[in-house]
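J.: Please read through the structure below; I'll follow up with questions.
The values are calculated or read from the model by the stated rules, or taken from the named source; none is laboratory data. Just so we're clear, the structure is a prediction, and the values are computed from it rather than from any experiment. Using ideal geometry, Cβ is built from the backbone for each residue, glycine included, and neighbour counts are taken over all protein chains shown. Heads up: the accessible areas ignore ligands, DNA and RNA and are worked out on the full protein's heavy atoms, side chains in. Shrake-Rupley method; radii C 1.70, N 1.55, O 1.52, S 1.80 Å.
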Amino acid sequence: MPHIDLDDFPGIVAGFNFRPETAVPMRELAHILLHEPNSLTPGERELIATYVSSRNCTTFCALSHGAAAAAHLGGDKVVQQVKTNLASAEVSPKLKALLNIAGKVQQDGKLVTSVDVDAARQEGATDMEIHDTVLIAAAFSMYNRYVDGLGTMQPTDPAMYAQMGQHLAEEGYRTPSARVPVGAA
């Protein structure tokens with residue numbers, strides 16, 4: 001149950017609807033980081049958001065960004081691998097090194113060391129990719145804490161997340177997905 005009087009929308013959408021003027025820059029940041037052109041694919045960037053959200057145990061964000069990653073990647077297999085066992089996940093060594101950095105940022109940004117950054121560079125990561133990985137991990141830690149701190153509703157219906165993930169993969173983050181409250185027809 002939400003800690004304040006929020007509408008009947010799930011996850012971050014409830015907070016965005018409560019304070020729309022703060023939603024605009026938060027959506028814009030997510031759009032730039034996850035949807036705009038970048039040397040990391042949208043699927044890779046969504047995997048970073050999913051990994052951080054999964055480690056933060058934020059159901060809404062882990063499932064919605066996992067669904068967006070699956071939409072970009074053509075299936076859920078790699079998403080599940082990254083969430084459950086990064087070491088054996090079928091992703092590139094460069095993405096593993098970047099996800100390692102993201103996991104450290106999720107815990108405490110000060111845990112990222114020059115050894116971690118050098119390892120990512122040795123796997124071909126650019127400074128921009130390292131920067132964006134750190135910013136995605138930091139932003140999603142904030143988004144996760146926003147969702148969890150408000151006590152928003154976090155449904156578990158896979159169909160809802162699949163639809164949301166497809167919308168995010170196609171449209172990005174500037175345009176809200178369907179604004180239908182959970183449980184409404």
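J.: What percent do you get for the relative contact order of the chain when only Cα pairs under 8 Å and 6+ apart count?
T.: 36 percent.
J.: Right, next: Per-residue HN-Hα couplings for the stretch 86-91, Karplus 6.51 cos²θ - 1.76 cosθ + 1.60 at θ = phi - 60°, whole Hz, x for Gly and Pro?
T.: Calculated HN-Hα couplings, in order: 4, 4, 9, 5, 7, 10 Hz.
J.: A further question follows. Run lengths n ≥ 4 of DSSP H only: what is the helix-derived mean residue ellipticity at 222 nm for the chain, with -39500 (n - 2.57) per run over all residues, to the nearest 500? Please report the intermediate quantities before stating the final value.
T.: Details: 9 runs with 122 residues, N = 185.
Using -39500 (n - 2.57) per qualifying helix, the result is -21000 deg cm²/dmol.
J.: Report the full-extension gain for the segment ASN17 to SER39: residue separation times 0.36 nm, less the Cα-Cα distance, to one decimal in nm. Don't skip to the end; give the middle numbers.
T.: Details: separation 22, 0.36 × 22 = 7.92 nm, distance 3.24 nm.
Extending this stretch completely gives an extra 4.7 nm.
J.: Relative contact order for the stretch 15-85 using alpha-carbon pairs under 8 Å, separation at least 6, rounded to a whole percent? All intermediate terms of the calculation are to be shown ahead of the outcome.
T.: Numbers: 58 pairs, mean separation 17.1, N = 71.
Relative contact order, the stretch 15-85: 24 percent.
J.: Rounded to the nearest percent, how much of the accessible area of the stretch 41-185 (1.4 Å probe, protein heavy atoms only) is carbon and sulfur?
T.: Numbers: 3750 of 6670 Å².
Taking all protein chains in place, the stretch 41-185 shows 56 percent carbon and sulfur surface.
J.: Same structure, new question: Can you run phi through the Karplus equation (6.51, -1.76, 1.60; θ = phi - 60°) for the stretch 92-102 and list ³J(HN,Hα) in whole Hz, with x for Gly and Pro?
T.: Those phi angles translate into 5, x, 4, 5, 4, 5, 5, 5, 4, 4, 4 Hz.
J.: To continue, here is another question. Among residues other than MET26 whose Cβ falls under 13 Å from its Cβ, what is the net charge (Lys/Arg +1, Asp/Glu -1)? Please report the intermediate quantities before stating the final value.
T.: Details: positive: ARG19, ARG27, ARG145, ARG174; negative: GLU21, GLU28.
My count for the surroundings of MET26 gives +2.
J.: Which residues' amide hydrogens lie under 5 Å from the amide hydrogen of MET153, considering only partners 5 or more residues apart or on another chain, with H built in the peptide plane?
T.: GLY11
J.: Between GLU28 and ASP8, what is the spin-label point distance in nm, taking each point 7 Å from the Cα along the Cα→C-beta axis?
T.: Result: 3.3 nm between the two label points.
J.: Just the number please: accessible area per residue for the chain, 1.4 Å probe, all protein chains included, in Å².
T.: Numbers: 8860 Å² over 185 residues.
Spelled out: the 1.4 Å probe surface of the chain, per residue, equals 48 Å².
J.: Considering the stretch 47-143, what Rg and Dmax in Å follow from its alpha-carbon atoms?
T.: Values for the stretch 47-143 (Cα only, Rg and Dmax): 12.4, 35 Å.
J.: Continuing with the same structure: Applying the Karplus parametrisation 6.51 cos²θ - 1.76 cosθ + 1.60 with θ = phi - 60° to the phi angles of the stretch 143-153, what ³J(HN,Hα) value in whole Hz is obtained for each residue in order, glycine and proline being reported as x?
T.: Running phi through 6.51 cos²θ - 1.76 cosθ + 1.60 with θ = phi - 60° gives 4, 4, 5, 4, 4, 6, x, 7, x, 5, 5 Hz.
J.: While we're on this one: Starting from the residue with the highest accessible area, list MET128, MET164, MET1 in decreasing order, probe 1.4 Å.
T.: Numbers: MET128 115, MET164 25, MET1 200 Å².
So the residues, ranked largest to smallest area, are MET1, MET128, MET164.
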